Amino acid sequence: MNAAERSTSAQGPAPGEAEHHSLALVNTEFELPGGPYEGLPDAAAAGGWLRERGLGPVGAVAQAELEQLRALRTAVRALFSAHIAGEHPERQTLECFNAALAAAPGVHELDWSATGPRLAVRRQARTQIASVLSELAEEGADLLTGPSAAKLSACGAQGCTRLFIRSHAARRWCSDRCGNRVRAARHYADRERGRGRK
């Protein structure tokens with residue numbers, strides 16, 4: 001396990017990842033002061049990540065499917081980052097994202113359980129990965145257009161590029177670890193300034 005992997009396991013999931021698969025996908029790749037982190041390094045890891053989130057195949061995904069998942073991750077990060085910055089995303093980013101949305105259109109069907117009728121969406125796709133990518137894209141679109149969109153934030157710790165959902169207005173960091181790192185750096189800088197005045 002390298003330094004970045006150790007840092008990631010210590011960081012834990014960013015706020016909002018449990019509720020938003022698309023945010024968790026974005027945070028499978030980021031920078032930390034200790035170096036870059038790649039949570040989908042190969043097809044087996046991608047299959048495991050999808051399985052852990054209840055989204056995908058039992059085993060490894062194919063190499064081409066891994067590349068599709070990484071491409072969607074890049075597009076979702078770009079869309080989330082554009083939203084946070086109040087900017088317009090690039091056309092190619094929207095095209096990639098919308099292609100994933102369109103890959104597995106949802107078909108409404110009536111489901112009847114012990115609690116009564118409910119409207120469900122059944123995915124129809126040529127491949128399982130197309131269905132998974134479509135589900136991730138749809139969830140990302142819901143995040144961008146829903147009530148959590150205003151709380152979507154980038155970590156304020158220098159060197160960290162993870163995104164998260166703020167649980168309160170004052171929150172600026174994706175984890176306690178990043179917050180502690182920022183506070184320690186401020187304390188050190190204040191102490192050094194104090195020494196310079198003597």
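The values are calculated or read from the model by the stated rules, or taken from the named source; none is laboratory data. Computed from a prediction, not measured in an experiment: that's the story for all the values here. Here Cβ is always computed from backbone atoms with ideal geometry, including for glycine, and neighbour counts include all displayed protein chains.
Here are the numbers for this structure:
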item	result
Looking only at region 161-181, and only at residues there that are surrounded by 15 or more Cβ atoms within 10 Å (Cβ to Cβ) and small (Gly, Ala, Ser), the one that is farthest from Thr28 (Cα to Cα)	Gly179
Which listed residue, of Leu40, Leu55, is buried (at least 17 other Cβ atoms within 10 Å of the Cβ), touching a strand residue (DSSP E or B) at 6+ places or on another chain (Cβ under 8 Å) and aliphatic (A, V, I, L, M)	Leu40
Criterion violated by Gly86 - all others in (1) within 27 Å of Cys155 (Cα to Cα); (2) in contact with a helix residue (DSSP H, G or I) (Cβ under 7 Å, 6 or more places away or on another chain) satisfied	(2)
Within region 87-160, strands (runs of 3 or more DSSP E) holding 1 or more residues that are of a type in the set (D, E, K, R) and either surrounded by fewer than 19 Cβ atoms within 10 Å (Cβ to Cβ) or touching a Phe, Trp or Tyr at 6+ places or on another chain (Cβ under 9 Å) (or both)	106-113, 116-123
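Condition check ((1) modelled with pLDDT of 90 or more; (2) of a type outside the set (Phe, Trp, Tyr); (3) closer than 21 Å to Cys178 by Cα; (4) buried (at least 22 other Cβ atoms within 10 Å of the Cβ)) across all residues:
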{"residue": "Ala4", "(1), (2), (3), (4)": "no, yes, yes, no"}
{"residue": "Gly12", "(1), (2), (3), (4)": "no, yes, yes, no"}
{"residue": "Ser22", "(1), (2), (3), (4)": "yes, yes, no, yes"}
{"residue": "Leu25", "(1), (2), (3), (4)": "yes, yes, yes, yes"}
{"residue": "Pro33", "(1), (2), (3), (4)": "no, yes, yes, no"}
{"residue": "Trp49", "(1), (2), (3), (4)": "yes, no, no, no"}
